[in-house]
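The structure appears right after this line, and notes come after that.
The values are calculated or read from the model by the stated rules, or taken from the named source; none is laboratory data. Predicted model, so just to flag it, every value in this text is computed and none were measured. Quick reminder, even Gly has a Cβ in these numbers, built from the backbone with ideal geometry, and neighbours come from all protein chains shown. Just the protein is used for accessible areas: all its heavy atoms, side chains included, with ligands, DNA and RNA removed. Shrake-Rupley method; radii C 1.70, N 1.55, O 1.52, S 1.80 Å.
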Amino acid sequence: MEKYFLPPRGTADILPLEVPLWEEIENMSRRILRIYNYKEIRTPIFEETELFARSMGSTSDVVQKQMLNLAGQNQKDAEGEKSSGLSLRPENTASVVRAYIQNSFDKKEQLSKLFYIGPMFRGERPQKGRLRQFHQIGVEAIGPNSASAYLDAEVIALSVNLLKSFGLKDFKVKINTLGSEEDKSNFSKILREKIKPYFSDLSEDSQQRFERNVFRILDSKDKKDKDVIAKIDIKHSYLSEESRKYYEDVKAVLTDLGVDYEESDSLVRGLDYYTHTVFEITGTSLGSQDALGAGGRYNNLVENLGGSKVDAIGFALGIERILLALSQNVCVKETPIDIFIIALGENAAKQAFKILNELRNVGYSSDMSYKASSLKSQMRLADKFKARFVIIIGEDELNKNIMLLRNMETGEQKELALERYLEILGEIIKQ
Ligand code: AMP
């Protein structure tokens, strides 16, 4: 037997019946993001590998274990420099920041509010809710001196409003602060001191993370690590007065906006670039892969990638996770078409094909069977397409220069003169 092909592991086709649901999520997102004055940006789906390593941190799990590299590593580029190669984007913050710097947005506007919707790629071990190609809706608000408790709270509220607009109710918002870059380095020192006595109880992975990236231990799903974390007491002792005040302000605005949130001392997010506010939204009906979205402030990333000193905050929501969380409440349905044309006989088919194209030219969604078949089987097709109206043309109708128009909901049938059918059809469809 010939080999047949399957999609690559961890990827999925989005089939025609599912597409309307995706469109609904995307359209709703665009509508709400416009209300908040975010503008869409579309960046390439691959970038220099180095961009991701520099932004997320070379010790982050994504960069260490999940990059999907394209060819080109260690080859020399046009200037004779060794290139880090190209990788499919595992997330979009780095690309948006690259575009922000390249286009000098910092000189053009005080605050750039950007959003994107698109596929991301991570070489993960696939499981329910965890794919190698998945889709995110994300925002980035970037601008010189733009850090503000209002903006942080608004970005969190926006992510919540998006989820609510899709019909989701069962989710929790967790927030925390990492403080400034300096506070964060204090935090990692304190964390190491507190974890050190339990070093041998940590999982093998976390023993390695201890020096490399101690924050990742707090993200670990391993029971051994969770037990250690439960024993240590993480307070905000690493925060400067200024950072503490900033966090208190963010919480106060969130409360004013009516956003329910929980504080979580151990929420740190495993990427290097976060500073100050971080947050995560988890779906309460989802299993182990329960994160619907996450984000945070990253005031040093633009500068670290070669731009000016610019503040920024963003988040990303996972569309597949949203659909999983919604799956109990939505059923996928065929999108109805306006008109299906049934032709009986070869001459009728010719006339019907002409009418089909006239209908499409004036904007009716319409279709017909391209193969001759019985009235019954063509009616079945009309039903499958959920046609609101059916036009029937047979030899009799051709001879009389008419067509039959059937309202599929009421069963009512009318004869329309061929030379005026569009006009009359317009009146009937409008009713
Ligand atoms: P992250 O950048 O890892 O914080 O991801 C943001 C959101 O994207 C998560 O909360 C998930 O909803 C979604 N996401 C991340 N990784 C995957 C994946 N491998 N498969 C499906 N969704 C994912």
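Under a model in which nothing but the beta-carbon of Lys, Arg (+1) and Asp, Glu (-1) is charged, the chain shows a dipole of about 640 debye around its Cα centre. Taking 0.36 nm per residue of separation and subtracting the current Cα-Cα distance, fully stretching the chain between residue 430 and residue 185 would add 81.6 nm.
Let a ≥ b ≥ c be the square roots of the eigenvalues of the Cα gyration tensor of the chain; is it rounded (a/c under 1.5), or, if not, prolate (a/b larger than b/c) or oblate? Walk me through the numbers on the way to the answer.
Values: a/c = 2.44, a/b = 2.28, b/c = 1.07.
Prolate, since a/c reaches 1.5 and a/b exceeds b/c.
In the chain, carbon and sulfur make up what percent of the accessible area (probe 1.4 Å)? The computed percentage sits at 49. Can you list the aspartates and glutamates whose alpha carbon is less than 12 Å from that of residue 251, not counting same-chain residues fewer than 8 positions off? Partners found: 152, 154, 260, 262, 263. Ignoring aspartates and glutamates fewer than eight residues from residue 107 along the same chain, the ones with Cα atoms less than 18 angstrom from its Cα are 140, 303, 311. Report the longest stretch of the chain that contains none of the trypsin sites (Lys or Arg not before Pro) sitting in a DSSP loop with at most 13 other Cβ atoms within 10 Å. That gives 43-127 as the longest site-free run.
Cross-link pairs exceeding 30 Å between alpha carbons, from the set 113/430; 113/194; 3/221; 189/226: 113/430; 113/194; 3/221.
Does region 334-402 come out rounded, prolate or oblate, given a ≥ b ≥ c as the square roots of the eigenvalues of its C-alpha gyration tensor, rounded meaning a/c under 1.5 and, failing that, prolate meaning a/b above b/c? Note, shape of region 334-402 comes out oblate. Estimated from helical segments only, the mean residue ellipticity of the chain at 222 nm is -11500 deg cm²/dmol, where each DSSP H run of four or more residues counts as -39500 (n - 2.57).
For region 109-207, which GluC sites (Glu not before Pro) are both in a DSSP coil and crowded by at most 15 other Cβ atoms within 10 Å? Walk me through the intermediate numbers first.
Numbers: sites: 109, 124, 140, 154, 181, 182, 193, 204; in loops: 109, 124.
Sparse-neighbourhood loop GluC sites (Glu not before Pro): 109.
For residue 135, the residues whose amide H sits under 5 Å from its own are 120, 319, 320, ignoring neighbours fewer than 5 places away on the same chain, with H placed 1.01 Å from N.
Need one word for region 84-198: rounded, prolate or oblate. Basis is the Cα gyration tensor (sqrt eigenvalues a ≥ b ≥ c); a/c below 1.5 gives rounded, then a/b vs b/c decides. All intermediate terms of the calculation are to be shown ahead of the outcome.
Numbers: a/c = 1.25, a/b = 1.08, b/c = 1.16.
Rounded shape, in that the Cα axes give a/c under 1.5.
Bridging of residue 108 to lysines at a Cα separation below 21 Å is possible for 39, 309, once same-chain residues fewer than 8 apart are set aside.
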